[in-house]
Amino acid sequence: STSNAFLSAVLGSVNDGIAVLSTGLEVLWINEVMETWLGPAASASGSQCYQRFHGRDTPCEDCPAARALTSRAVERLTEVVWGGPTSSRYCEVLAAPMLDEKGEVEQVLLTVHDLTERKALEEAETKGARLEMLSEVVTSVNHEINNPLTSILGNAQLLRERLTPVNAKEAQRLESIAEAAQRISEVTRKLAEVVDPSSRSYV
């Protein structure tokens, strides 16, 4: 009918994956977005959603469609992994019961909204914030370490210059102090490179 054709056109034009399920969770119809995610073989009706969409032999745990059949209300799952043969994505899934004239659940409308790009952006922002915080900590620590190291190295050099050849053992000890200070300084330098986005040493 004209109304059915109009409804199919509307449901087929949205960017979300949409499927119509029977009360037995059988796939009755999917839109082009869902077909793109799952592949052409998914367009044929006649199997349960958990088989078609997830390659399972049993219904998914906490299935929103199954819950919608019982609650007769819209059920939601957020940030679930929706896996097809070509890719998997993070999605939000809504299941809405469709009632007949008697008020009984006749079918379930399943809407799958792809959150993959948004989640990737949120993770990138989180990593950026953590890196910025780590950079501030490293800068502070380096400042607290490098100032005493400069004093240690300078005083060690002055003491070495004042020692006579008779004080060879003391000179060796001062050399060990200077070498240890240099090693600490090298560690703080490398740590600064790790949190420096412009550094290419630790890419």
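For K169 and R189, a Förster radius of 30 Å and the Cβ-Cβ distance give a FRET efficiency of 0.45, rounded to the nearest 0.05.
With the simple spin-label model, which puts each label point 7 Å out from Cα in the Cβ direction, the T116 to R130 separation comes to 2.3 nm.
Where a number appears in this text, it was derived from the coordinates with a stated rule and is not lab data. Note that the structure is a prediction, hence the values are computed from the model and not measured. Note that each Cβ is placed from the backbone with ideal geometry, even for glycine, and that neighbours are counted across all protein chains shown.
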